[in-house]
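Working notes, beginning with the structure itself.
The values are calculated or read from the model by the stated rules, or taken from the named source; none is laboratory data. Source: prediction; values computed, not measured. Every residue, glycine as well, gets a Cβ built from its backbone with ideal geometry; the counts of neighbours run over all protein chains shown.
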Amino acid sequence: MFEYSTEEFTTTIAIGDYIRKFRDAETIEGYCRNCENYGKSWGCPPFDFDVEERLRQYENLLLIATKITPKEHGLPICVAQELILPERKRLDKRLLELEQQYNGLACSYVGKCYYCAENSCSRLCGEHCRHPQLVRPSLEAYGFDVTRTLHELFGIELQWGKNGQLPDYLIVVCGLLCNSIVFDKLDG
């Protein structure tokens, strides 16, 4: 286990504004289609529902950006998921609690689903999700440009690994769609 520190940033935006300013469904779905997970996980497109219709059911979006900074520099890029997974699990749990509390819809972190073993998603067999109460698509899966979101709403630049090494920090971006309240912080 690698040591790291985290910083959490939150902001709220009206979903209509977020769709207008940060959704580029065609471009982002093109990136998704080139991903090895495309169509192989219930958290990834293509979906059996109308994304725009789902998004427009909500008025607000609480965005959460968690910056993960490893204590050790020069770590190999292959350890990225070891740093991200504990934070992702923590955020997923909190988002699902907020989803229930505010009758909202969580938007998870992009990446592989961790509820089923590798290559065992029921979608591969044409079956319904085994964990529909847990699996939530990411903002990217809904067509949102998270790189631009980080830059314009949080003032954070997305970094990429170089020469097989992790960048200075990693970022997990997720959110909660909701009608009943405008959030300005992640309580709890």
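The single condition among (1) over 16 Å from the mean Cα position of the chain (by Cα); (2) surrounded by 17 or more Cβ atoms within 10 Å (Cβ to Cβ) that Ala80 does not satisfy is (1). Of all residues in the stretch 83-103, those being of a type outside the set (Asp, Glu), more than 13 Å from Tyr114 (Cα to Cα), in contact with a strand residue (DSSP E or B) (Cβ under 8 Å, 6 or more places away or on another chain) and surrounded by 14 or more Cβ atoms within 10 Å (Cβ to Cβ) number 6. Thr69 meets each of the listed conditions (1) surrounded by 18 or more Cβ atoms within 10 Å (Cβ to Cβ); (2) touching a Phe, Trp or Tyr at 6+ places or on another chain (Cβ under 6 Å); (3) closer than 23 Å to Pro167 by Cβ apart from (1).
Taking the stretch 109-132 as the search range and keeping residues that are touching a Leu at 6+ places or on another chain (Cβ under 8 Å) and over 15 Å from Cys35 (Cβ atoms), which one is modelled with the highest pLDDT? Filtering the stretch 109-132 for residues that are touching a Leu at 6+ places or on another chain (Cβ under 8 Å) and over 15 Å from Cys35 (Cβ atoms), the one modelled with the highest pLDDT comes out as Tyr115.
Among residues of the stretch 123-156 being surrounded by 11 or more Cβ atoms within 10 Å (Cβ to Cβ) and more than 27 Å from Asn103 (Cα to Cα), the one that is farthest from the chain's Cα centre (by Cα) is Leu124. Go through the stretch 23-51 and give me each residue that's touching a Gly at 6+ places or on another chain (Cβ under 9 Å) and closer than 27 Å to Glu152 by Cα. Selection gives Arg23, Asp24, Ala25, Glu26, Thr27, Ile28, Glu29, Cys32, Arg33, Gly43, Pro45, Val51. With at pLDDT 90 or above and either aromatic (Phe, Trp, Tyr) or under 20 Å from Val51 (Cα atoms) (or both) as the only criterion, which of Leu98, Leu91, Leu105 stands out? Of the residues listed, the single one that is at pLDDT 90 or above and either aromatic (Phe, Trp, Tyr) or under 20 Å from Val51 (Cα atoms) (or both) is Leu105. Screening Gly161 on (1) under 21 Å from Tyr4 (Cβ atoms); (2) surrounded by 17 or more Cβ atoms within 10 Å (Cβ to Cβ); (3) modelled with pLDDT under 95; (4) not acidic (Asp, Glu) shows it passes everything except condition (2). Condition (residue is part of a loop (DSSP other than H, G, I, E, B), among the small types (Gly, Ala, Ser), under 28 Å from Ile13 (Cβ atoms) and in contact (Cβ under 8 Å) with a residue 60 or more places away in the chain) applied to the stretch 122-138: is it met by at least one residue? Looking through the stretch 122-138, none of the residues is part of a loop (DSSP other than H, G, I, E, B), among the small types (Gly, Ala, Ser), under 28 Å from Ile13 (Cβ atoms) and in contact (Cβ under 8 Å) with a residue 60 or more places away in the chain.
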